[in-house]
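> I am attaching a structure below and will ask some questions about it afterwards.
The values are calculated or read from the model by the stated rules, or taken from the named source; none is laboratory data. Only a predicted model underlies this, so the values are computations on that prediction, with no experimental measurement involved. Note that we place each Cβ from the backbone using ideal geometry, even for glycine, and neighbour counts take in every protein chain shown. The protein model used for the area step is the full one, side chains on, heavy atoms only, and it has no ligands, DNA or RNA in it. Shrake-Rupley method; radii C 1.70, N 1.55, O 1.52, S 1.80 Å.
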Amino acid sequence: MTKWCCGVVLILSTAAWAMPLGTNSRAVIPAEVQQVISVDYRALKNSDTAQALKQQVLPENLKQFESALKGIGIDTDKELEQLTFAAYRAGKNGVQTVGVAQGQFPTKLVMKRMMLKKIKPTMYHNSKLYPMGNGMLMSFLDDFTLLFGDKTAIEGALDSRDGYANNLDTNSQMADMMAAVDSAPVWSILDQQGTQNMMRSALGDASKIADYETVKRRLLASRYTMNFQNGVNFDLSVLTSDSVTAATLSSLVKAGMMYKKMSATPTEKVAIDSVTVDSDSSTLQLHFKTDDQRFQSLLHSDLFAAVSH
């Protein structure tokens, strides 16, 4: 996973339910999506642990986005409800990242403020693109949905919505994966390559010792959810081609945990012992659960620094 992915994943939620992506939000996610991460932003202010996480691992581009929103009159603490990032492959332009913000935005007031500041939009298809600063552009998909990203990323997203390219709903595997997790307060889906990179990062040096290169070709996709109800809960499912691969991957992950444990601090050892790993048919299943106090201690450990960056 890229740094922004890791950071957003670790901005956690205490909400009992999450708001599924709306039709307009789904439409701007290209079919060649590598990863989608969605966070119920409303819960950040309700959890001390979530706030501690936000301060420590908030990605730089998200900080810039918050600052840009405030600059045009949007109060992110009160009006931003859900934030979704999608990384997608754009051919020769490489991997692009686009964001979708949902909330109760004062759209008319924002537009008036832009006019007063003489901020003029450019047109792309039938959409108005407004500069936000820091090289980002934004476009209102409707009164409650804001699309943002750099020029290449946002134009690719609008191409998908406007029928010039396929969008997420034509990618049955990723669409099905989303349906399995989008009721969670924090969720993510990854395609095959994203999953391979994520598992290599998670295994660390153990991936060099074991025959990970053979196994990785049989990893198909993955999904995970996270919440702060009754402590910290993280559930990861990795879809593989067959039950043998799932069982082998389970053994590799367990070996990786033992490898990390040998040099872990007492706090880190408690965290590792809080992870359970198993396989069910062709799926690897990993579950992590601990209480808020232990997790906040883990925030300052070397292990957490390695995972979150």
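> Calculate, for the stretch 177-222, the solvent-accessible area per residue in square angstrom, rolling a 1.4 angstrom probe over the heavy atoms of the protein chains.
41
> With a bin width of 10 angstrom, please list the P(r) values of the stretch 186-303 as percents of all Cα-Cα pairs, from the 0 bin to the one holding the largest distance.
Using 10 Å bins, I get a P(r) of 14, 44, 34, 8 for the stretch 186-303.
> Using 7 Å Cα-to-Cβ label points, what is the D242/T214 separation (nm, one decimal)?
Label at D242, label at T214, 1.3 nm between them.
> Turning to a different aspect of this structure: Sorting R217, R161 by accessible area (1.4 Å probe), largest first, what list results?
Reading off the accessible areas and sorting them downward yields R217, R161.
> In addition: Using a 1.4 angstrom probe with every protein chain in place, what is the largest-first accessible-area order of Y212, Y164?
Of Y212, Y164, the descending order of accessible area is Y164, Y212.
> Now for a separate question. As a test question: what accessible area, to the nearest 10 Å², does M115 have when a 1.4 Å probe is rolled over all protein chains in place?
Approximately 150 Å² of M115 is accessible to the 1.4 Å probe.
> In whole Hz, with x marking every Gly and Pro, tabulate ³J(HN,Hα) for the stretch 144-160 from phi via Karplus 6.51 cos²θ - 1.76 cosθ + 1.60, θ = phi - 60°.
Computed from phi, the couplings for the stretch 144-160 are 10, 9, 10, 9, 8, x, 6, 4, 5, 5, 6, 5, x, 5, 5, 4, 5 Hz.
> Further question: For the stretch 109-215, what relative contact order do you get, as a whole percent, if you take Cα pairs closer than 8 Å and at least 6 residues apart?
10
> Moving on to the next point. Just to make sure I understand: if all protein chains stay in place, what is the order of T170, T214 by accessible area at 1.4 Å, largest first?
Descending order: T170, T214.
> What distance in nm separates the simple spin-label points at D162 and Q193, each placed 7 Å from Cα in the Cβ direction?
2.6
> Also, quick follow-up: When the chain is fully extended, how far beyond the present Cα-Cα distance does K92 get from Q173, taking 0.36 nm per residue of separation?
In short, 26.8 nm is gained.
> How are the Cα pair distances of the stretch 212-255 distributed, in percent, across 10 Å bins from 0?
Spelled out per bin, shortest first, that is 25, 45, 23, 7.
> What nm value, rounded to one decimal, do you get for the distance between T152 and R113 when each label is placed 7 Å out toward the C-beta?
3.0
> Mind listing the long-range amide H neighbours of M132? Cut-off is under 5 Å, sequence gap 5 or more, other chains count too, H placed in the peptide plane at 1.01 Å from N.
L137, M138
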